[in-house]
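FYI, it's all coordinate maths here, none of it is from the lab. No experiment lies behind these values; they were computed from the predicted model shown. Here the Cβ positions follow ideal geometry from the backbone for every residue, glycine too, while neighbour counts run over all protein chains shown.
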Amino acid sequence: MRFVLIILLFLVFGYSLGLVLTNSSEIAVNLLFTEAPAMNLGLLLILCLFLGVLIGMLLSLLLFKVFQNKWEISRLNKENKRLQDKLTQAQVEIEQLSHTPVVDHTVQTDSEVYVDPIDTTTIR
């Protein structure tokens, strides 16, 4: 079905192109600062259509790049803000941990009993 549709579109395009090119009236093209030689009206229409499509595609690609860059910049700004918040939180935690006193949990007593590993009798 797709193949038939493509063939039909080519036939319609070819027929319309033939109608435009068979127009034998020649016109002079007055540009802004100069004048182009007289040319076939159909050729002029096709040339204008082609240039319009080409310029439109180039401008849309340029505009798409601008929007893509804006989206990327906003995404990176959000990521930067998130990482800055995370860094600030880590610095606060480090500051809190540096101000807490270190508690030594080892307790030594003088009343410990000395046990000789070889001697089986205990001295008290």
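Using every alpha carbon pair in region 2-76, what percent of pairs falls into each 5 Å bin from 0 up to the bin containing the largest distance?
3, 13, 11, 14, 13, 13, 10, 8, 7, 5, 2, 0
Compute the distance in nm between two label points, each set 7 Å from the Cα along the Cα-to-Cβ direction, one at Asn23 and one at Ile94.
7.5 nm
Under 18 Å between alpha carbons, and skipping anything fewer than 8 positions from Lys78 in its own chain: which lysines qualify?
Reachable lysines: Lys70, Lys86.
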